[in-house]
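Q: Pasting in a structure now, in structure tokens, and then I'll have a few things to ask.
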Amino acid sequence: MTTIRALIATAAKKNWELFQLDVNNAFVHGDLHEEVYMKLPQGLAVSSPDLVCKLNKSLYGLNQASRQWYAKLADALYSRGYTHSMHDYSLFYKRSSDSVVFVGVYVDDVFLTGNDLTEIHLLKTFLHDRFKIKDLGELYYFLGLKVLYRKGGILISQRKFTLDLLKDYDCLHATSLSSPLDPTIKLKAKEGVPLSDPTLYRQLVGKLNFLTNTRLDIAYGVQHLSQYMQDPREPHLQAAYHMLRYLLKDPTLGLFMSNDDDFSEKAYCDSDWAACPDSWRSVSGYLVLLGNSPISWKSKKQETIYLSSVEAEYRSIRKVVGELVWLHRVLTELTVPPALPILVFCDSQSTLHIARNPIFHERTKHIEVDCHFVRTKLNDGLILLYHVRTDDNLADILTKSLTGIKHSTVLGKLAVCSTPPT
């Protein structure tokens, strides 16, 4: 999804058109390299009940099906001079001195963009001759994401999915709330009455997790609720319904990809030290923007218990720098002009001092070696660390429950909206 958001954001800034294709019976095109047999279909009359069918092509339901279809499509694209990205194998591109075309693939859903409309048209014809495709025209609805074209850029939302979710859980007529989680309530793993049927909770959290593809405002809340999937209890379910009532406030919220010419990358990171009352582990959060458009974010509980807030913050920087290394390579393939160093904002002065200071001393001897990867990238010129006030740290929304006013304030600084900003 990060690659898809990055590609749409790039297309918006470069004024490329976006097109969508759908492949008819995609898995049936895959060739099998192993011997696979299946039971006879019901209603097929044969002389002996012991006969079976040997498959020459893959079928839906086979473990090999998606892999074999990808191999078939990749071979077809290779034959037309396309290359797959070394950083995301779902992305293909064909580039020359003045022409570039990108192909994004997710199973049988394909979308195209680039500055060469002639090549895009020829590719559509080529794929139709090989696989029989449906040309769906301009990219409008892709992997549950609704793409709306506005004067100032492109708005990506999951409005239909959100409304269906609220309808399924009978929340359309409830009172809306101003924050995803109640900041006054601290959930614990073993507190409350266990649910008699945990399936309801697990399905709800799974659907909320899919919604985080465009709703970074609920990313922290969803990762928090996901911790209780094994043994959900009444307070956890109530918190999940609290989030549904927050979604009811504005189901049309989405990401706005501006069409301005700002290609600069910048990132924010934050942590909430010892946030988990059960394991005392901290929560890391980071946010990466292309111009003012969010393209990557993460909210996750850290794997290790750290002894101070400085160590937890240092781990957060390590996570976002790792993402930036990969994302910068992807954006370079997308012909986004490189602008180094990438600004990384953190609200901990002590953490920035450790990253810049190569001297070994008592306070850093227990920090894991991989964290010093940050220092290497700082010396290489990939990143530049800056201090930012906590109130201005946009990653704050990914590490803790905020009050309604503060939550809205942070969202107001991000391109998360229902209508494009003026």
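The values are calculated or read from the model by the stated rules, or taken from the named source; none is laboratory data. In this text, all values refer to a predicted model and were calculated from it rather than measured experimentally. Virtual Cβ from ideal backbone geometry, glycine too; neighbours counted across all protein chains shown. Remember, those area values only see protein heavy atoms, side chains included, never the ligands or the DNA or RNA. Shrake-Rupley method; radii C 1.70, N 1.55, O 1.52, S 1.80 Å.
Q: Applying the selection to the range 226-277, what residues are of a type in the set (A, V, I, L, M, F, W, C), closer than 22 Å to GLU191 by Cβ and at pLDDT 95 or above?
A: LEU237, ALA239, ALA240, MET243, LEU244
Q: Something else now. Is it fair to say LEU7 is outside any helix (DSSP H, G or I), within 30 Å of SER293 (Cα to Cα) and open to solvent by less than 20 Å² (accessible area, probe 1.4 Å)?
A: No, not satisfied.
Q: Considering only the range 376-390, state which residues are in contact (Cβ under 8 Å) with a residue 12 or more places away in the chain and either in contact with a strand residue (DSSP E or B) (Cβ under 6 Å, 6 or more places away or on another chain) or open to solvent by 40 Å² or more (accessible area, probe 1.4 Å) (or both).
A: LYS377, ILE383, LEU384, LEU385, TYR386, HIS387, VAL388, ARG389, THR390
Q: If we scan the range 154-177, do we find a residue that is within 14 Å of ALA239 (Cα to Cα), in contact with an Asp or Glu (Cβ under 9 Å, 6 or more places away or on another chain) and touching a residue at least 60 places away in the same chain (Cβ under 8 Å)?
A: Among the residues of the range 154-177, at least one is within 14 Å of ALA239 (Cα to Cα), in contact with an Asp or Glu (Cβ under 9 Å, 6 or more places away or on another chain) and touching a residue at least 60 places away in the same chain (Cβ under 8 Å), which makes the answer yes.
Q: Read through the list (1) of a type in the set (Asp, Glu); (2) closer than 29 Å to LEU7 by Cα; (3) more than 22 Å from the chain's Cα centre (by Cα), then give the number of the only condition that ASP250 fails.
A: (3)
Q: Another one. What do you reckon, is ILE156 touching a Gly at 6+ places or on another chain (Cβ under 7 Å), closer than 30 Å to HIS29 by Cβ and surrounded by 13 or more Cβ atoms within 10 Å (Cβ to Cβ)?
A: It is true that ILE156 is touching a Gly at 6+ places or on another chain (Cβ under 7 Å), closer than 30 Å to HIS29 by Cβ and surrounded by 13 or more Cβ atoms within 10 Å (Cβ to Cβ).
Q: Pairs only if they're at least six apart or on different chains, beta carbon under 7 angstrom, first in the range 52-79 and free of Cβ contacts under 8 Å to residues at least 24 places away in the same chain, second open to solvent by less than 80 Å² (accessible area, probe 1.4 Å) and in a loop (DSSP other than H, G, I, E, B); list them, first residue then second.
A: Qualifying pairs under 7 Å: VAL52/LEU40; CYS53/LEU40; LEU55/LEU32; LEU55/VAL36.
Q: Check VAL325 against each of (1) open to solvent by 10 Å² or more (accessible area, probe 1.4 Å); (2) touching a Ser or Thr at 6+ places or on another chain (Cβ under 7 Å); (3) not charged (D, E, K, R) and name the one condition it does not meet.
A: Among (1) open to solvent by 10 Å² or more (accessible area, probe 1.4 Å); (2) touching a Ser or Thr at 6+ places or on another chain (Cβ under 7 Å); (3) not charged (D, E, K, R), the lone unmet condition for VAL325 is (2).
Q: Can you name every one of the strands (runs of 3 or more DSSP E) wholly within the range 70-144 that holds 3 or more residues which are surrounded by 17 or more Cβ atoms within 10 Å (Cβ to Cβ) and in contact with a helix residue (DSSP H, G or I) (Cβ under 9 Å, 6 or more places away or on another chain)?
A: 91-95, 100-106, 109-114
Q: Given the criteria modelled with pLDDT of 95 or more, of a type in the set (D, E, K, R) and closer than 30 Å to ALA274 by Cα, does LYS207 qualify?
A: yes
The rows are residues; the columns are (1) open to solvent by less than 20 Å² (accessible area, probe 1.4 Å); (2) assigned to a helix (DSSP H, G or I); (3) modelled with pLDDT of 90 or more; (4) of a type in the set (Lys, Arg).
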| position | (1), (2), (3), (4) |
| --- | --- |
| ALA12 | yes, yes, yes, no |
| LEU18 | yes, no, yes, no |
| VAL28 | no, yes, no, no |
| GLU34 | no, no, no, no |
| GLY43 | no, no, no, no |
| PRO49 | no, no, no, no |
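Q: Of these, PRO337, PRO358, PRO341, PRO294, which one is modelled with pLDDT of 85 or more and surrounded by fewer than 20 Cβ atoms within 10 Å (Cβ to Cβ)?
A: Exactly one of PRO337, PRO358, PRO341, PRO294 is modelled with pLDDT of 85 or more and surrounded by fewer than 20 Cβ atoms within 10 Å (Cβ to Cβ), namely PRO341.
Q: Kindly indicate whether LYS167 is within 23 Å of HIS407 (Cα to Cα), among the charged types (D, E, K, R) and open to solvent by 70 Å² or more (accessible area, probe 1.4 Å).
A: Criteria not met by LYS167.
Q: Among (1) out of contact with any strand residue (DSSP E or B) (no Cβ under 8 Å at 6 or more places or on another chain); (2) within 30 Å of ASP260 (Cβ to Cβ), there is one condition GLU34 misses while meeting the rest; what is its number?
A: (2)
Q: Which condition does THR304 not pass, out of (1) within 23 Å of the chain's Cα centre (by Cα); (2) touching a residue at least 60 places away in the same chain (Cβ under 8 Å), if it passes all the others?
A: It is condition (1) that THR304 fails.
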